[in-house]
Ligand code: NAP
């Protein structure tokens, strides 16, 4: 079930928010601590769906700071009026007289941490006679979520979740492990606790209502992770293909190897891995693709019956995009384009950058026989990569005079919000060249716009991003990826329509 807490302060807004929440959720939590003057009897008589009545004191993270007797009197009134659920804190449960059909949620909140004795606290709640046990603690490490999932395995209906950005996964995956409900906000800015997703996001993006015990878990391992587009396009892909799976953001601040090993416990079926964990995560793998050994970085983990296999779809994704572009140029060669062989072998490729993306591309292109020239802002770094690959290197200031069939930008120059920047002068863009920008936000960078104007064939970072994600989908599911859907949702988000 999805429950939306209503935290409005006046009765008219509460009534309006309850009505709106009832359309999105199964339950509404009436947070009476935010609205001490509201008439509980009238609100309950007119409730549009089942409600939880809560009157949370400041000591447990709520807004109530009046007399304790009056706080508890309101909760007792809720029981007397037949509210569907009343949420009472563990330390106050003895003061509530139970009768009628009201069910008691007995709760404990910790806004500092997930304490070591959380299992003991949960047992005390169960012993208190709770109809539903609730613990909400702050995640200090993403592994704290695993302790919450353990609590959900017991007999007593339980809500166990971690608050904060590190706890977002508990709000989504709790359903797989049997959580009685999850809380979601009516909209951004209306959260009653840190880390709450909106009800629309939970039900739409994460398809919360379709999650069950058999749902396969996938996710992106990153830090930061909040702006990752991967949940958007991979959840859309799973939905389109009818795969019982959910893809979540794993924010890993600490040691990624410890994270991966701890999460073996819940049998995550696959990971996308991105900045800053692409190299360090290699140590957590049971098996590695040859390409990972060459590039020294992975972006994909596949769980093969418990053994974790690390691979790199960045390489194949970028090469696929380039090969398609070269084929297009080749098919146009009769019409005056500069190159005619539909292969990367022998092509002169000017590669800008020497970071992670450049490394993946450099090895991929070198293996396909391209003639590479690497130019990087920090010349020494570019030279070292060129030496490792066995190719030429240049200073970034020298690229204007460099002849090439293909120019690839793997620097972050031109990325939102610095959309007026470009890594090369217009003079470097010659008619008939393929110009490929790894940057995908915006979809058409200044570099690509100027390349289009110079009659180059342009390839957007969108194509690379979709290709690498589509390859992950195919490795995980064995099914063809719904590329058109993946690209559509990404473009829509980048255009700001979602
Ligand atoms: P990275 O490892 O941090 O490398 C960043 C590169 O950009 C370095 O070569 C750096 O040069 C250069 N750079 C940064 N700021 C610069 C500036 N102001 N002027 C000139 N050069 C500058 O990052 P990465 O993982 O390689 O990613 C690079 C870009 O590729 C990002 O925009 C990322 O989003 C994009 N990317 C896209 C995809 C996709 O699927 N489309 C996949 C991977 C990456 P120094 O060595 O001098 O610092």
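Only the coordinates and a few stated rules stand behind these numbers; no lab work does. Computed from a predicted structure; not experimentally measured.
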Per 0.36 nm of contour for each residue apart, how much would the distance between residue 200 and residue 494 grow if the chain were fully extended, relative to their Cα-Cα spacing? 104.0 nm
List the pair-distance distribution P(r) of the range 430-498, using every Cα-Cα distance, as the percent of pairs falling in each 10 Å bin from 0 up to the bin containing the longest distance, rounded to whole percents. 21, 40, 30, 9, 0
At what distance in angstrom do the alpha carbon centres of the range 60-121 and the range 346-409 lie from each other? 63
Quantify how much of the Cα-Cα distance distribution of the range 69-111 extends past 15 Å, in percent. 35
Gyration tensor (alpha-carbon) shape descriptor, the range 311-407, a/c threshold 1.5: oblate
Cα-based Rg/(2.2 N^0.38 Å) for the chain, rounded to two decimals, is 1.17
Helix 118-127 versus the longest principal axis of the chain: what is the Cα-based angle in degrees, 0 to 90, to the nearest 10? 30
Just from its helices, what would the mean residue ellipticity at 222 nm be for the chain, if runs of 4 or more DSSP H residues each count -39500 (n - 2.57) and the sum is divided by every residue, rounded to the nearest 500 deg cm²/dmol? -10000 deg cm²/dmol
For the range 358-498, what is the largest minus smallest coordinate of the Cα atoms on each principal axis, given in angstrom and ordered from greatest to least? 41, 33, 27
Average silhouette area of the range 40-105, convex hull of alpha-carbon atoms, in square nanometres: 4.4
Pairing the Cα long axis of helix 483-494 with the longest principal axis of the chain, what angle in degrees results, from 0 to 90 and rounded to the nearest 10? 70
With the cut-off at 1.5 for a/c, could you classify the range 131-231 from its C-alpha gyration tensor as rounded, prolate or oblate? rounded
At 0.36 nm per residue, minus the direct Cα-Cα distance, what do residue 485 and residue 377 gain on full extension? Give it in nm, one decimal, please. 35.2 nm
Given N residues in the range 240-379, what is its alpha carbon radius of gyration divided by 2.2 N^0.38 Å? 1.28
Between the helical axis of 356-367 and the dominant principal axis of the chain, each derived from Cα atoms, what acute angle in degrees is found, rounded to the nearest 10? 40
